[in-house]
Structures are given as structure tokens and as C-alpha cells.
Amino acid sequence: IWHIFVAGLPYPGGFPGQQQDPLYGYFTAVAGQDGQISAEELQACLTQANFSGGYRPFNIETCRLMISMLDRDMSCSMGFNEFKELWAVLSGWKQHFMSIDRDMSGTVDPQEMSQAVSSMGYRLSPQAMNCVIKRYSSNGKISFDDYVACCVKLRSLTGKYEKS
């Protein structure tokens, strides 16, 4: 079934314009009757889609953060358009993380994380960067999951995703 969605073949049902979207298959497979994805459903969806590749699956708290980043209607869940937006943002973050994870270990060190944060356009003081590293690292390394959680927090703190 997943190959049908990935290949971009029409998905039966849904709304006009969504049938051709391969992401709609991932969305509807986990959204259930309510047509919304909860944090638990998002975690399952991203795991099934092998979004994080060789990295470990996202923890539930990171999934809650990702939903809250785009939860404009304050439903604590996401509809298809929000899901599509999240997928695009996550794709960018994954590419960025892979570019700084040169040894493909699934983690980055504090210096690489500092460079990553700067390259995203954030200007943090050394003290603030140290706080970020302490909060999002384990044994001096930042996993992909924690990298995403950090990106969500930075965006929310700087207002790059204004709630309407």
C-alpha cells in the first residue's frame, strides 16, 4: 500500500487536489476517522515512513512540540495542510542535520550544533548556546530527535511561526 502513495498514484477518497499528493496516503493511514493527527499518530506515521532514516524514532515530546509549532487552531492535533507544512520543514531540517553529521553517526557535537544554529540565522550569545547544548545533548552529542526539538524551540522563541 505504501508504494502506491509514494509513487503518487491517486488515493481513493479525500478532498479534491489531495488525491494526487503522496503525503496524503501517510496522513490518512494514521489520521483515523477524525481526520486529524495526534502526537502519538504523528510518531507512528514518521516511524512508518522511516523519516529519520537510520536515526532513532522521534520521542513523543518532540512530536508534541512539532504539532504545537503549527497548531493554529489550538486543537493539539494537525490536519493535512499542517502535516504537509511540517513534512516540508522536517525535510529541510533532515537535510541540514545530515550535512553537519559528517561521520553519519546520527549525532552532532556541540561545535557542529553551534555552526548549525548560526547557519540557520540565529545569533546566540556563547552563554545561550551553552544552555542550548546542555539542554539538547546527551554525553556531549545531539541526536536528530533533539536537534529537531531544538529547532522547534528556536523558531517558537523567535516568532518565526506566528500563530494566527
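Pick out the one residue from ALA128, ALA149 that is assigned to a helix (DSSP H, G or I), out of contact with any Leu (no Cβ under 8 Å at 6 or more places or on another chain) and at pLDDT 90 or above.
The match here is ALA128.
Can you tell me which residue is least open to solvent (accessible area, probe 1.4 Å) among those in the stretch 76-104 that are of a type in the set (Asp, Glu) and over 15 Å from the mean Cα position of the chain (by Cα)?
If we take residues in the stretch 76-104 being of a type in the set (Asp, Glu) and over 15 Å from the mean Cα position of the chain (by Cα), then ASP101 is least open to solvent (accessible area, probe 1.4 Å).
Starting from the stretch 103-115, take each residue that is more than 13 Å from TYR147 (Cβ to Cβ) and list its partners that are assigned to a loop (DSSP other than H, G, I, E, B), counting only C-beta distances under 8 angstrom and pairs at least six apart or across chains.
Between residues of the stretch 103-115 that are more than 13 Å from TYR147 (Cβ to Cβ) and residues that are assigned to a loop (DSSP other than H, G, I, E, B), the close pairs are MET104/GLY54.
Filtering the stretch 115-151 down to residues that are open to solvent by 50 Å² or more (accessible area, probe 1.4 Å) and among the charged types (D, E, K, R), which residue is farthest from ASP101 (Cα to Cα)?
ARG123
Can you tell me which residue in the stretch 50-75 is surrounded by the most Cβ atoms within 10 Å (Cβ to Cβ), limited to those that are of a type in the set (S, T, N, Q) and within 12 Å of the chain's Cα centre (by Cα)?
So the residue we want is THR62.
Name the residues in the stretch 51-74 that are among the basic types (Lys, Arg) and either in contact with an Asp or Glu (Cβ under 6 Å, 6 or more places away or on another chain) or modelled with pLDDT under 90 (or both), would you?
Across the stretch 51-74, the qualifying residues are ARG56, ARG72.
On the basis of being out of contact with any Ser or Thr (no Cβ under 8 Å at 6 or more places or on another chain), of a type in the set (S, T, N, Q) and open to solvent by less than 10 Å² (accessible area, probe 1.4 Å), does THR47 make the cut?
The answer is no for THR47.
The values are calculated or read from the model by the stated rules, or taken from the named source; none is laboratory data. Source: prediction; values computed, not measured. A quick note on method: Cβ atoms are made from the backbone with ideal geometry, for glycine too, and the neighbour counts reach across all protein chains shown. Quick note on the areas: whole protein, heavy atoms, side chains included, nothing else; ligands and nucleic acids left out. Shrake-Rupley method; radii C 1.70, N 1.55, O 1.52, S 1.80 Å.
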